[in-house]
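Right, one structure below, let's go through it.
The values are calculated or read from the model by the stated rules, or taken from the named source; none is laboratory data. Being a predicted model, the structure only gives us computed values, none of them experimental. Note: ideal-geometry Cβ built from the backbone for every residue, glycine included; neighbour counts use all protein chains shown.
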């Protein structure tokens, strides 16, 4: 997901009654402890090693998110 996707989602959210909004739209990478905000699309990257890198980034970000939620 990149900034364009976030922008698209926020435009959709504007069409929803504000009292019905219960979630916040964030990029997964915003939770990354290494500060890598954008998770790259490995399909367009340099081979299978980038899939592993993206998987590790997602795991770290998810762990950090869950730690934050369950503090």
Open item on the list: Restricting to region 1-41, name every residue that is touching a residue at least 12 places away in the same chain (Cβ under 8 Å) and over 30 Å from residue 53 (Cβ atoms).
Closed with: 13
TODO: Kindly indicate whether any position in region 50-63 is loosely packed, with under 14 Cβ neighbours inside 10 Å, touching a helix residue (DSSP H, G or I) at 6+ places or on another chain (Cβ under 8 Å), without any contact (Cβ under 8 Å) to a residue 24 or more places away in the chain and part of a helix (DSSP H, G or I).
DONE: yes
TODO: Identify, from the list 4, 8, the residue that is assigned to a helix (DSSP H, G or I) and loosely packed, with under 10 Cβ neighbours inside 10 Å.
DONE: 4
- [ ] Within region 27-49, track down each residue that is touching a helix residue (DSSP H, G or I) at 6+ places or on another chain (Cβ under 7 Å) and within 23 Å of residue 8 (Cα to Cα).
- [x] 27, 28, 29, 31, 32, 36, 37, 38, 39, 40, 42
- [ ] Scan region 23-49 residue by residue and report those that are outside any loop (DSSP other than H, G, I, E, B) and either at pLDDT 90 or above or under 12 Å from the mean Cα position of the chain (by Cα) (or both).
- [x] 28, 29, 30, 31
